[in-house]
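Just so you know, all these numbers are worked out from the coordinates, no wet-lab data involved. Every value quoted in this text rests on a predicted model; they were computed, and no experiment measured them. No Cβ is skipped: glycine too gets one built from the backbone with ideal geometry, and neighbour counts run over all protein chains shown.
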Amino acid sequence: MIHYLDHNATTPVAPEVFEAMVPFLTGEFGNPSSAYPLGKRAAAAIAEARERVAALAGCEPEEVIFTSCGTESINTAILACLELDPDRRHIVTSAVEHSATVKLCERLARKGWEVTWLPVDRGGRLDPAAIAEALREDTAVLSLLWGNNETGVIFPVAEAARIAAEKKVPLHIDAVQAAGKVPLFSTGAGITLLSLSGHKLRCPKGVGALVASRKMRFTPLLAGSQEGGRRAGTQNVASIAAFGRAAELAQAHLAEHAAHMRGMRDRFEARMLERVPGCEVNGDRENRLPNTSNLAFEGIESEGALMLLAERGICCSAGSACTTGAVEPSHVLRAMGFSDARARSSLRFSFGPGSTEADLEAACQAVPEVVAKLRALRPQPGPVAMAS
Ligand code: PLP
């Protein structure tokens with residue numbers, strides 16, 4: 001039996017979402033650019049999905065561009081901002097972004113752009129004053145997370161939008177984790193670009209969206225004609241229809257799902273803190289996505305814990321899914337000022353709308369046992385033998 005507590009990595013596909021795809025994988029196979037009814041029905045499905053995603057993101061449907069994933073949206077957004085004014089050679093982002101942003105900004109830094117990595121405090125919080133201080137006349141883009149994928153800590157997005165507008169700097173927000181967990185706002189509230197991903201929202205992998213303000217002069221990453229010339233390539237109709245349905249469900253059940261996830265997460269966390277000595281929460285507990293719990297367990301290695309937990313059917317993460325497998329401690333926890341040892345002893349549990357009491361109970365049983373086992377296996381400090 002699997003107890004899936006890794007919804008920040010990806011989510012199971014909701015049955016209603018799967019159903020929304022099926023017609024476009026079977027009889028309704030038309031190309032949405034075709035002029036006959038089969039094509040027009042595919043185009044209508046995309047138009048409906050665009051409205052649903054716009055309702056979730058708080059923008060106009062014409063501002064939604066379908067992409068292949070959150071990573072593509074982020075890359076497109078940042079690069080589109082750099083195209084606006086070639087004389088602006090400065091980029092501002094934070095030290096705790098998702099690897100899609102980090103890797104792109106590192107590459108741009110190697111190519112000559114100056115990148116300011118805004119620091120966070122021990123709670124993973126970003127000070128709006130630091131944003132205001134960092135933005136300059138030659139800043140091409142400010143790119144920030146809405147909610148952190150590892151800790152769930154929420155950034156001051158409304159303040160960032162106000163500051164960016166005041167300084168006339170385009171703002172990109174990575175809302176991949178925030179969508180479906182907190183109410184979103186976007187272009188109406190001063191955000192220039194906003195990235196979303198389907199598979200964090202109970203939709204299959206391989207579809208994302210980029211919200212681009214219609215006030216922006218937008219340069220696509222891929223040249224061609226689809227999506228109004230903003231994202232070329234024949235649209236993935238079935239996945240876009242699924243994304244629309246997933247967005248609709250996320251929006252309709254936002255408060256209910258958030259309350260469910262928060263309830264589970266808070267009960268889980270309370271029991272870990274009570275039952276496991278040397279357990280601490282990583283990140284600001286007041287200002288977090290409702291589903292995420294990042295916990296440090298003193299004296300363990302998270303890699304070993306993941307294996308033992310997997311044997312008991314528990315799926316969770318060490319750091320973000322994209323860096324699991326690499327031995328490097330999480331850049332997010334390090335930026336928060338934690339030691340490598342603490343970062344390596346941390347596990348992320350992320351609940352979803354479908355998480356059950358059985359999942360919670362299984363994790364509450366298994367985690368203390370696994371932590372105790374790993375601690376018992378730890379080499380005990382003893383007398384050091386002196387070489388003669
Ligand atoms: N941004 C954040 C905050 C994420 O958590 C992820 C995925 O883990 C991404 C971006 C990338 O999204 P995708 O997997 O759709 O490329």
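For the chain, set up a GNM with springs between Cα atoms under 10 Å and report which of 254, 273, 126 has the largest fluctuation.
273
Please work out the FRET efficiency for the pair residue 274 and residue 159, using the Cβ-Cβ distance as r and a Förster radius of 41 Å; give the result to the nearest 0.05. Mind showing how you got there, number by number?
Working: r = 35 Å, r/R0 = 0.86.
Computed FRET efficiency for residue 274 and residue 159: 0.70.
Give me 315, 105 sorted ascending by neighbouring Cβ count inside 10 Å, so fewest comes first.
Numbers: 315 18, 105 21.
In increasing order of surrounding Cβ atoms, one gets 315, 105.
Taking 0.36 nm per intervening residue step and subtracting the Cα-Cα distance, what contour gain separates residue 85 from residue 222 on full extension?
Numbers: separation 137, 0.36 × 137 = 49.32 nm, distance 1.92 nm.
Difference between extended and current length: 47.4 nm.
How would 168, 103 line up from fewest to most surrounding beta-carbon atoms within 10 angstrom?
Working: 168 9, 103 15.
Listed from fewest to most nearby Cβ atoms, that is 168, 103.
Between segment 34-85 and segment 144-171, what's the alpha-carbon centroid distance in Å?
22 Å
What number, in percent, do you get for the relative contact order of the chain if the mean sequence gap of Cα pairs under 8 Å and at least 6 apart is divided by its residue count?
Details: 780 pairs, mean separation 89.2, N = 388.
Over the chain, the number comes to 23 percent.
Taking the Cα-to-Cβ direction at residue 361 and at residue 310 and moving 7 Å from each Cα, how far apart do the two end points lie in nm?
Output for this residue pair reads 2.6 nm.
Just want the ordering: 307, 21, 1, 336, from fewest to most Cβ atoms lying within 10 Å of their own Cβ.
On the way: 307 11, 21 22, 1 7, 336 27.
By the 10 Å Cβ count, ascending, the order reads 1, 307, 21, 336.
Please work out the Cα center distance from segment 331-361 to segment 247-288, rounded to the nearest Å.
Spelled out, the Cα-based centre of one part sits 11 Å from the other.
Arrange the peptides 86-98, 366-378 so that the one whose residues have, on average, the most other Cβ atoms within 10 Å appears first.
Numbers: 86-98: 19.6, 366-378: 16.5.
Result, highest mean first: 86-98, 366-378.
Taking every pair of alpha-carbon atoms in segment 1-152, give the share separated by more than 21 Å as a whole percent.
On the way: 7049 of 11476 pairs.
Tail fraction, whole percent: 61.
Which residue, 58, 201, 36, has the largest displacement toward the positive end of the dipole of the chain when charges sit on each Cβ (Lys, Arg +1; Asp, Glu -1)?
36
Stokes-Einstein at 37 °C, 0.692 mPa s, Kirkwood radius from Cα pairs: D for segment 96-163 in µm² s⁻¹? Show your work: numbers first, answer last.
On the way: Rh = 12.8 Å.
The estimated diffusion coefficient comes to 256 µm²/s.
Taking H as built 1.01 Å from N, whose amide H comes closer than 5 Å to the amide H of residue 291, not counting residues under 5 places away?
none
Evaluate the relative contact order of segment 119-211 (contact order divided by residue number), counting alpha-carbon pairs under 8 angstrom at least 6 apart; express in whole percent. Working shown, then result.
Numbers: 144 pairs, mean separation 20.9, N = 93.
Relative contact order comes out at 22 percent.
What is the list of residues in segment 1-26 whose amide nitrogen lies under 15 Å from a point 7 angstrom out from the Cα of residue 205, following Cα to Cβ?
Flagged as within label range: 6-13.
Normalising by the residue count of segment 63-197, find the relative contact order in percent from Cα pairs under 8 Å and 6+ residues apart. If you can, show how the numbers build up before the last one.
Numbers: 221 pairs, mean separation 34.6, N = 135.
Over segment 63-197, the number comes to 26 percent.
Compute the acute angle (0 to 90°) between the alpha-carbon long axis of helix 254-275 and the principal axis of greatest extent of the alpha-carbon atoms of the chain; round to the nearest 10°.
That works out to roughly 10 degrees.
Let's test the formula: R0 of 22 Å, r as the Cβ-Cβ distance of residue 328 and residue 380. What FRET efficiency results, to the nearest 0.05? Could you put the intermediate results ahead of the total?
Values: r = 27 Å, r/R0 = 1.24.
Efficiency, from the Cβ-Cβ distance: 0.20.
How far apart, in nanometres, would the label points at residue 114 and residue 339 be if each is projected 7 angstrom from Cα along the Cα-to-Cβ direction?
Simple spin-label model gives 3.7 nm for this pair.
Determine the calculated [θ] at 222 nm for the chain from helices alone, applying -39500 (n - 2.57) to every DSSP H run no shorter than 4 residues and normalising by the residue count; nearest 500 deg cm²/dmol. Spell out each step's value before the answer.
On the way: 13 runs with 159 residues, N = 388.
Mean residue ellipticity at 222 nm (helix-derived): -13000 deg cm²/dmol.
If R₀ is 22 angstrom, what is the calculated FRET efficiency for the pair residue 298 and residue 2, using the beta carbon separation as r and rounding to 0.05? Show your work: numbers first, answer last.
Values: r = 28 Å, r/R0 = 1.27.
Result of the calculation: an efficiency of 0.20.
Based on the alpha-carbon gyration tensor of the chain, what equivalent-ellipsoid semi-axes (square roots of 5 times the eigenvalues) come out, in whole Å, largest first? Don't skip to the answer; put the middle values down first.
On the way: eigenvalues 276, 146, 62 Å².
Three semi-axes, in Å: 37, 27, 18.
Modelled label-to-label distance, residue 35 and residue 22, 7 Å Cα→beta-carbon offset: nm?
So the label points at residue 35 and residue 22 sit 3.4 nm apart.
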